[in-house]
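Novice: Would you mind keeping the following structure in view while I ask a few things?
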Amino acid sequence: QVQLVESGGGLVQPGGSLTLSCSASGLIFSPYVMNWYRQGPGKQRELVATITSGGTTHYADSVKGRFTISRDNAKKMMYLQMSSLKPEDTGVYYCNQPRDTIDYWGQGTQVTVSA
């Protein structure tokens, strides 16, 4: 059974930090690109960060310099370190593995940035 399970979300004050984790099981992990997406209230889902199998990273302009994506292929884990959080970072964060014919998604973890 394919599973992507996110964890680490929660309530944090503006300027704070949070680290999200994504655990993968039942699928081949290391050769594939992995993504973090988020969906804020009333907004469309947006791509936040991408990491290739070799560790090359890409970020949305809105999070550059504040978020860091990483992966541990041996553990089938992906991470998103978030710092200097802003209220506009609030949303449900999803991990994703895109394939040619199917995309795998987790259920998401809620991040709320509020004073």
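Novice: Of all residues in region 97-113, which are part of a strand (DSSP E or B) and surrounded by 11 or more Cβ atoms within 10 Å (Cβ to Cβ)?
Specialist: Once the filter is applied, which keeps residues that are part of a strand (DSSP E or B) and surrounded by 11 or more Cβ atoms within 10 Å (Cβ to Cβ), region 97-113 yields Gln97, Pro98, Tyr104, Trp105, Thr109, Gln110, Val111, Thr112, Val113.
Novice: Only one of (1) open to solvent by 30 Å² or more (accessible area, probe 1.4 Å); (2) part of a strand (DSSP E or B); (3) more than 14 Å from Val33 (Cβ to Cβ) is not met by Tyr93, so which one is it?
Specialist: (1)
Novice: Might you let me know whether region 72-86 holds any residue that is closer than 24 Å to Ser25 by Cβ, more than 13 Å from the chain's Cα centre (by Cα) and basic (Lys, Arg)?
Specialist: The answer is yes, given that some residue of region 72-86 is closer than 24 Å to Ser25 by Cβ, more than 13 Å from the chain's Cα centre (by Cα) and basic (Lys, Arg).
Novice: Further question: Does region 72-81 contain at least one residue that is of a type in the set (D, E, K, R), in a strand (DSSP E or B), open to solvent by 40 Å² or more (accessible area, probe 1.4 Å) and at pLDDT below 95?
Specialist: no
Novice: While we're here: State which residue pairs qualify: first residue farther than 15 Å from Glu6 by Cα and open to solvent by 10 Å² or more (accessible area, probe 1.4 Å) and inside region 19-48, second residue in a strand (DSSP E or B) and basic (Lys, Arg) in any location, beta carbons under 8 Å apart, and separation of 6 or more residues or different chains.
Specialist: So the pair list comes out as Arg45/Arg38; Glu46/Arg38.
Novice: Write out, first by first residue and then by second, each pair whose Cβ atoms fall under 7 Å of each other, whose residues are 6+ apart or on separate chains, and whose first residue, in region 53-76, is touching a residue at least 24 places away in the same chain (Cβ under 8 Å) and polar (S, T, N, Q) while the second is crowded, with 16+ Cβ neighbours inside 10 Å and part of a loop (DSSP other than H, G, I, E, B).
Specialist: Asn73/Phe29
The values are calculated or read from the model by the stated rules, or taken from the named source; none is laboratory data. Since we're looking at a predicted model, the values are computed, not measured. Virtual Cβ from ideal backbone geometry, glycine too; neighbours counted across all protein chains shown. Protein only, heavy atoms only, side chains kept; ligands, DNA and RNA dropped before computing areas. Shrake-Rupley method; radii C 1.70, N 1.55, O 1.52, S 1.80 Å.
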